[in-house]
1. What residue, among those in segment 49-70 that are within 14 Å of the chain's Cα centre (by Cα) and either within 20 Å of VAL12 (Cα to Cα) or β-branched (Val, Ile, Thr) (or both), is surrounded by the most Cβ atoms within 10 Å (Cβ to Cβ)?
2. Can you pull out every residue in segment 14-41 that is open to solvent by 80 Å² or more (accessible area, probe 1.4 Å) and closer than 14 Å to LEU63 by Cα?
3. So which of ARG112, ARG93 is over 16 Å from the mean Cα position of the chain (by Cα), open to solvent by 40 Å² or more (accessible area, probe 1.4 Å) and over 20 Å from GLN17 (Cα atoms)?
4. Is segment 71-80 home to any residue that is in contact with a Phe, Trp or Tyr (Cβ under 6 Å, 6 or more places away or on another chain), in contact (Cβ under 8 Å) with a residue 40 or more places away in the chain and crowded, with 16+ Cβ neighbours inside 10 Å?
Amino acid sequence: MNATTPQLAAPVRTFTQRLSSTRRGARLARLLAVEELHTWPVSPAITERAEQIVAELAANAALHGHVRGRDFRLTLTFDEATGVVRIEATDTRGEKLPVLPPEPRPDDESGRGLLLVAALADRWGTEPYPPGGKTVWAECDGPG
């Protein structure tokens with residue numbers, strides 16, 4: 001008789017938090033993300049990249065996705081089988097999609113956030129979040 005031993009699936013870890021659409025909420029998103037990532041088996045290099053991506057996506061959600069009285073949501077997932085960390089920032093401004101800007105001038109004081117996300121993430125994009133929001137996501141691949 002051939003019996004196979006059942007294989008346990010590698011867990012997918014998830015962290016989700018609603019935060020106020022303010023500068024303070026964006027800062028808290030970065031701090032909470034780092035604390036959570038330190039409890040997961042994620043390499044320090046991925047944690048550092050993810051921290052910067054969270055900071056940019058949360059700042060954009062608070063600044064450009066802000067609707068008075070509405071929060072934004074930060075979601076982190078880590079698939080241990082693939083080693084991929086996914087970062088999502090969901091806000092309520094679905095009509096205002098992020099656009100990768102042209103290279104800013106050296107004296108520009110803003111306009112580099114999505115360029116940083118594109119440089120640090122292995123993939124990034126947007127998805128509609130019905131009825132009127134959007135999710136901006138980025139993924140960082142683990143080693144291997």
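The values are calculated or read from the model by the stated rules, or taken from the named source; none is laboratory data. It should be emphasised that the depicted structure is a prediction, and the values quoted were computed from it without experimental measurement. When we count neighbours, we look across all protein chains shown, and the Cβ atoms used for this are built from the backbone with ideal geometry, even at glycine. Just so you know, the surface numbers come from the protein's heavy atoms only, side chains and all, with ligands and any DNA or RNA stripped out. Shrake-Rupley method; radii C 1.70, N 1.55, O 1.52, S 1.80 Å.
1. Checking each candidate, the answer is ILE53.
2. ARG23, ARG24, ARG27
3. ARG112
4. Yes.
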